[in-house]
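S.K.: Before I ask anything, let me first share the structure, which is written out below as structure tokens.
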Amino acid sequence: MNISSYDTFFTRLEEQVKSAPNNRRQIISKAIKETHCPYLLSKLQELQQAYKAKAFIIALLLCQWVAAQTTHTVLDMDSSKPLTGATVVIQSETSSEIIITNQKGQISTEQLPPFAIQISHVGYETVREDITNENQVNHYLKPGIASLEEVIVTGQFEPQSARKSVYQVKSIDSRRIEAQAATNLQEVLFNELNIRFTRDNATGSSGLNLQGLSGQNIKILLDGVPVVGRSGTANEIDLSQINVQNIERIEIVEGPLSVNYGADALAGVINLITKKESNSLNLNVQIQEETIGKEYSWFDDGLHNASVQVGGSISSKWSVKGNVRLNNYGGWIGTGTERDKMWYPKDQFFTGGLIRYAGNDFNIYYRLDFLNETISNLGEIQDSNPLRDPYAIDEQYLANRINHQIQANAHFRDLTLNSVVSFTDYERRTHQFSTNLATGSESTTNDSEQDTIYYSSFFQRQTLTNNQPWTLGSVGINMQLGVDSDIQTADGSTLSAGDKHSTALGVFTSVELDWNRLKIRPGVRLIYNSLFESSPTPSVNVKYGFNDQLTLRLGYGRGFRAPSIRELYHEFIDANHNIVGNENLKPEYSHNVNADIDYQLSVDLNFKLSGFYNHIDNQITYFTPAASNQPTSYVNLLVYRTTGGTLEGEWTNNVLQINSGVSYIGRYQRLS
């Protein structure tokens with residue numbers, strides 16, 4: 001056979017190998033074994049080596065790709081269990097990234113050593129390691145004193161220990177809420193110093209005072225979003241209309257936070273943090289039965305509370321949660337009658353759901369909450385007319401609220417963007433009807449006795465925060481820039497004619513300068529209000545740690561609150577009411593100074609001494625003239641001041657917590 005014949009044979013063999021890549025090794029090996037020609041044997045061996053080289057290169061590239069996708073695991077040092085939700089910051093000379101650990105406590109990165117890794121988790125000591133080889137993939141976090149401290153988010157750039165915050169923040173966790181077997185927020189907050197409640201025993205609604213200022217000056221937030229539905233003459237949020245069993249934690253910040261949260265935050269902020277985590281399938285069913293005094297029956301008298309919560313993960317990044325709660329309160333007879341009770345019966349139905357996506361650099365959730373409330377005011381029996389069946393004039397106070405909320409945060413190389421969008425519809429109606437007690441039939445009374453009010457609110461808030469402190473010499477610098485808006489619309493028979501609208505826009509910024517023991521946080525908000533002129537609201541807060549046990553905080557804030565739609569246009573006139581708004585009201589402006597000393601005597605024992613002073617110009621309140629033919633209306637007080645202080649101590653261990661304290665609040669007001 002000549003050389004060209006050998007080349008032809010070799011070409012055909014190559015085509016056979018290409019057409020059967022999975023069998024190429026066997027084909028080439030068989031040809032080598034059967035050939036006796038040195039020339040052909042040399043060509044076959046070259047072909048075999050070429051394919052081995054290709055396989056080696058492919059394997060090498062695959063190994064490099066796998067190595068580039070290094071998996072790091074974050075574990076609890078004591079239990080070796082994986083930690084979900086830990087924040088991992090990876091920093092090299094050329095790049096940086098922020099990743100959140102998944103349900104297995106793991107993150108994947110393409111970063112190759114050497115690089116620095118910083119890992120933090122709520123309740124654990126932050127760890128920083130220099131990664132010099134590929135075998136450093138397990139990282140252990142140690143539970144420290146921080147795990148016993150309150151971790152807060154309200155008014156903060158990022159979640160952190162309450163002891164590190166420039167604000168004095170109180171936190172009430174879910175364990176305490178559950179231990180109190182509370183059926184509403186008033187029961188949870190009742191023992192907090194500087195907080196006092198006003199309660200309408202008849203309707204069961206409740207308002208509150210903080211630092212001697214009424215509920216119209218307190219911002220109630222649900223996951224950082226203002227709660228809509230201020231009602232009553234005092235223009236307050238009814239706390240009994242919030243599902244307490246869906247609350248994970250309550251954070252209370254005293255003093256004006258107008259820079260962070262805008263109007264209505266002169267006295268402070270109460271932020272209700274809802275339950276969101278559902279890493280594994282869970283089902284929670286609760287039934288609670290209580291007597292009201294000595295009154296109780298299975299279905300009517302007493303308090304009957306039942307709730308179901310279910311949630312879980314549907315994939316490594318998606319989770320869902322849902323809840324239903326029924327609250328039936330049978331009222332209390334007191335000195336009334338079986339129908340006309342002193343405390344009215346109330347039925348509440350709460351439901352809601354949440355769907356959440358948690359990625360490495362992006363998290364988002366959608367939340368839906370719904371409330372339906374019926375308060376029954378049953379009138380006295382009218383049976384004096386022998387020609388007519390016994391009857392009674394009854395009333396029902398009906399409330400419905402539906403809230404849609406989307407929250408998201410995205411981590412970029414050096415910045416974090418937090419976004420909140422919320423829409424709320426709130427309706428409250430009074431339905432009066434005549435009940436025939438013989439037949440049970442009902443008929444609606446005059447239209448003038450039926451009242452309705454509607455509120456809708458569109459709220460959005462966007463903030464941009466740096467991930468890691470910038471440094472200037474020995475100073476660490478954190479900054480937040482934000483914008484928010486709240487567009488409200490109201491209508492109904494208890495407002496003067498026509499739809500009412502108000503728009504509030506705010507641009508705000510604050511900077512936190514950190515010299516290790518000393519923190520200074522100045523801030524300012526620029527405000528636009530569609531109904532009133534406004535001025536910038538500045539603030540400055542200072543925290544100084546003398547040592548690890550003793551901390552001093554000082555703060556000053558300027559507050560602004562425009563009159564609400566209800567205060568301007570309220571018009572509630574019937575046989576029992578004569579209340580009108582005042583379109584000539586002026587906005588409130590306030591100055592607040594506060595100071596507190598925190599002494600951590602030991603891990604278990606803590607003492608706090610605090611004081612405050614509030615000065616408000618043009619505070620809005622309601623005024624009832626002496627003459628019975630004149631309506632109750634809203635007026636501006638020339639000057640209103642409150643001052644006070646508290647001393648409190650707290651001792652806690654794994655199973656027991658004891659709080660004790662004393663508070664003093666003084667008030668001064670001048671109408672003109």
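S.K.: Can you report the number of residues in segment 284-303 which are more than 22 Å from the chain's Cα centre (by Cα) and under 30 Å from ILE355 (Cβ atoms)?
M.R.: 4
S.K.: If you don't mind, there's one more thing I want to ask. Among the residues of segment 616-634, which ones are at pLDDT 90 or above and either surrounded by fewer than 17 Cβ atoms within 10 Å (Cβ to Cβ) or on the phi > 0 side of the Ramachandran plot (or both)?
M.R.: The answer is ASP617, ASN618.
S.K.: Touching a strand residue (DSSP E or B) at 6+ places or on another chain (Cβ under 6 Å), part of a strand (DSSP E or B) and open to solvent by 30 Å² or more (accessible area, probe 1.4 Å): does that describe ARG413?
M.R.: On the way: touching a strand residue (DSSP E or B) at 6+ places or on another chain (Cβ under 6 Å): yes; part of a strand (DSSP E or B): no; open to solvent by 30 Å² or more (accessible area, probe 1.4 Å): yes.
Taking the combined requirement at face value, the residue does not satisfy it.
S.K.: Moving to a separate point now. Hey, among the residues in segment 116-144 that are more than 21 Å from SER80 (Cβ to Cβ) and at pLDDT below 85, which one's most open to solvent (accessible area, probe 1.4 Å)?
M.R.: Step by step, filter segment 116-144, then rank; the result is GLU134.
S.K.: Which one of THR351, THR374 is under 24 Å from ASN400 (Cβ atoms), part of a strand (DSSP E or B) and within 18 Å of the chain's Cα centre (by Cα)? Please lay out each step first, then the result.
M.R.: Working: THR374 fails: within 18 Å of the chain's Cα centre (by Cα).
It is THR351.
S.K.: Just the residues that are surrounded by fewer than 16 Cβ atoms within 10 Å (Cβ to Cβ) and touching a residue at least 60 places away in the same chain (Cβ under 8 Å), please, taken from segment 291-335.
M.R.: Answer for segment 291-335, where residues must be surrounded by fewer than 16 Cβ atoms within 10 Å (Cβ to Cβ) and touching a residue at least 60 places away in the same chain (Cβ under 8 Å): SER316, LYS317.
S.K.: A further question on this structure: Determine whether segment 454-469 contains at least one residue that is of a type in the set (A, V, I, L, M, F, W, C) and within 30 Å of ARG128 (Cβ to Cβ).
M.R.: Yes, there is a match, as at least one residue in segment 454-469 is of a type in the set (A, V, I, L, M, F, W, C) and within 30 Å of ARG128 (Cβ to Cβ).
S.K.: Continuing with the same structure: Need pairs with beta-carbon distance below 9 Å; first residue under 21 Å from SER319 (Cβ atoms) and in a strand (DSSP E or B) and within segment 79-100, second open to solvent by 20 Å² or more (accessible area, probe 1.4 Å) and acidic (Asp, Glu); sequence gap 6+ or separate chains.
M.R.: Pairs found: THR87/GLU158; VAL88/GLU97; ILE98/ASP361; ILE99/ASP361; ILE100/ASP361.
S.K.: May I ask you to list the residues in segment 163-181 that are over 16 Å from the mean Cα position of the chain (by Cα), surrounded by 15 or more Cβ atoms within 10 Å (Cβ to Cβ) and either modelled with pLDDT under 80 or more than 13 Å from GLU248 (Cβ to Cβ) (or both)?
M.R.: ARG163, LYS164, SER165, VAL166, TYR167, GLN168
S.K.: Is there any pair linking a residue in segment 352-368 that is touching a residue at least 60 places away in the same chain (Cβ under 8 Å) to one that is open to solvent by less than 20 Å² (accessible area, probe 1.4 Å) and not in a strand (DSSP E or B), with Cβ under 7 Å and at least six apart or on different chains, and which?
M.R.: GLY352/ASN246
S.K.: Condition first: part of a loop (DSSP other than H, G, I, E, B) and without any contact (Cβ under 8 Å) to a residue 40 or more places away in the chain. Now tell me which residues in segment 110-126 satisfy that. Before you say what the answer is, go through the steps one by one.
M.R.: Taking segment 110-126 as the starting set, the residues that turn out to be part of a loop (DSSP other than H, G, I, E, B) are 110-114, 121-123, 125-126.
Hits for segment 110-126 are PRO113, PRO114, VAL122, GLY123, GLU125, THR126.
S.K.: Also: Does SER663 count as assigned to a strand (DSSP E or B), polar (S, T, N, Q), surrounded by fewer than 17 Cβ atoms within 10 Å (Cβ to Cβ) and modelled with pLDDT of 85 or more?
M.R.: yes
S.K.: Just wondering, is there one or more residues in segment 275-283 that are buried (at least 20 other Cβ atoms within 10 Å of the Cβ), in contact with a helix residue (DSSP H, G or I) (Cβ under 9 Å, 6 or more places away or on another chain) and modelled with pLDDT under 90?
M.R.: no
S.K.: In this structure, is ILE270 modelled with pLDDT of 85 or more, surrounded by fewer than 22 Cβ atoms within 10 Å (Cβ to Cβ), β-branched (Val, Ile, Thr) and touching a strand residue (DSSP E or B) at 6+ places or on another chain (Cβ under 7 Å)?
M.R.: no
S.K.: Within segment 101-115, can you find the residues that are over 18 Å from SER315 (Cα atoms) and surrounded by 15 or more Cβ atoms within 10 Å (Cβ to Cβ)? Quick ask: steps written out before the conclusion?
M.R.: Narrowing segment 101-115 to residues over 18 Å from SER315 (Cα atoms): 109-115.
Matches in segment 101-115: THR109, GLN111, PHE115.
S.K.: List pairs: first in segment 247-275 and in contact (Cβ under 8 Å) with a residue 60 or more places away in the chain and in a helix (DSSP H, G or I), second among the hydrophobic types (A, V, I, L, M, F, W, C) and open to solvent by 10 Å² or more (accessible area, probe 1.4 Å), Cβ under 8 Å, 6+ apart or cross-chain?
M.R.: VAL259/VAL524
S.K.: Only one of these conditions is not met by GLU442: (1) surrounded by fewer than 15 Cβ atoms within 10 Å (Cβ to Cβ); (2) under 32 Å from the mean Cα position of the chain (by Cα). Which number is it?
M.R.: Against the list (1) surrounded by fewer than 15 Cβ atoms within 10 Å (Cβ to Cβ); (2) under 32 Å from the mean Cα position of the chain (by Cα), GLU442 comes up short only on (2).
S.K.: Same structure again: For segment 554-600, name all the residues that are surrounded by fewer than 19 Cβ atoms within 10 Å (Cβ to Cβ) and modelled with pLDDT under 85.
M.R.: Matches in segment 554-600: GLU571, ILE573, ASP574, ALA575, ASN576, HIS577, ASN578, ILE579.
S.K.: Let me ask something else. For a quick check of your reading of the model, give me the residue pairs whose first member lies in segment 66-78 and is over 18 Å from ILE100 (Cα atoms) and open to solvent by 20 Å² or more (accessible area, probe 1.4 Å), whose second is part of a strand (DSSP E or B) and at pLDDT below 85, with beta-carbon atoms closer than 9 Å and at least 6 apart or on different chains.
M.R.: The qualifying pairs are MET77/TYR124; MET77/PRO143; ASP78/PRO143.
S.K.: For the structure I just gave you, tell me whether ASP491 is assigned to a strand (DSSP E or B), acidic (Asp, Glu) and either within 25 Å of VAL169 (Cα to Cα) or open to solvent by less than 20 Å² (accessible area, probe 1.4 Å) (or both).
M.R.: no
S.K.: Now for a separate question. Quick check: is even one residue across segment 207-228 part of a loop (DSSP other than H, G, I, E, B), over 30 Å from THR335 (Cα atoms) and modelled with pLDDT under 80?
M.R.: Checking segment 207-228: at least one residue is part of a loop (DSSP other than H, G, I, E, B), over 30 Å from THR335 (Cα atoms) and modelled with pLDDT under 80.
S.K.: Hey, among TYR426, TYR391, TYR397, TYR366, which residue is surrounded by 15 or more Cβ atoms within 10 Å (Cβ to Cβ), within 20 Å of LYS276 (Cα to Cα) and either touching a helix residue (DSSP H, G or I) at 6+ places or on another chain (Cβ under 9 Å) or at pLDDT 90 or above (or both)?
M.R.: Testing whether each residue is surrounded by 15 or more Cβ atoms within 10 Å (Cβ to Cβ), within 20 Å of LYS276 (Cα to Cα) and either touching a helix residue (DSSP H, G or I) at 6+ places or on another chain (Cβ under 9 Å) or at pLDDT 90 or above (or both) leaves just TYR366.
S.K.: Which one is nearest to LYS164 (Cα to Cα) among residues in segment 501-553 that are of a type in the set (Asp, Glu) and exposed (fewer than 13 other Cβ atoms within 10 Å of the Cβ)?
M.R.: The residue in question is ASP548.
S.K.: Right, here's the next one. Is it the case that some residue within segment 627-638 is hydrophobic (A, V, I, L, M, F, W, C), closer than 30 Å to ILE579 by Cβ and without any contact (Cβ under 8 Å) to a residue 12 or more places away in the chain?
M.R.: Taking every residue of segment 627-638 in turn, at least one turns out to be hydrophobic (A, V, I, L, M, F, W, C), closer than 30 Å to ILE579 by Cβ and without any contact (Cβ under 8 Å) to a residue 12 or more places away in the chain.
S.K.: A follow-up question, please. Tell me whether segment 464-483 contains one or more residues that are touching a Leu at 6+ places or on another chain (Cβ under 7 Å), buried (at least 17 other Cβ atoms within 10 Å of the Cβ), in contact (Cβ under 8 Å) with a residue 24 or more places away in the chain and in a loop (DSSP other than H, G, I, E, B).
M.R.: Yes, that holds for at least one residue.
The values are calculated or read from the model by the stated rules, or taken from the named source; none is laboratory data. Computed from a predicted structure; not experimentally measured. Positions of Cβ are generated from backbone atoms using ideal geometry, with glycine treated the same way; all protein chains shown enter the neighbour counts. In case anyone asks, the SASA skips ligands and DNA or RNA and just uses the protein heavy atoms, side chains included. Shrake-Rupley method; radii C 1.70, N 1.55, O 1.52, S 1.80 Å.
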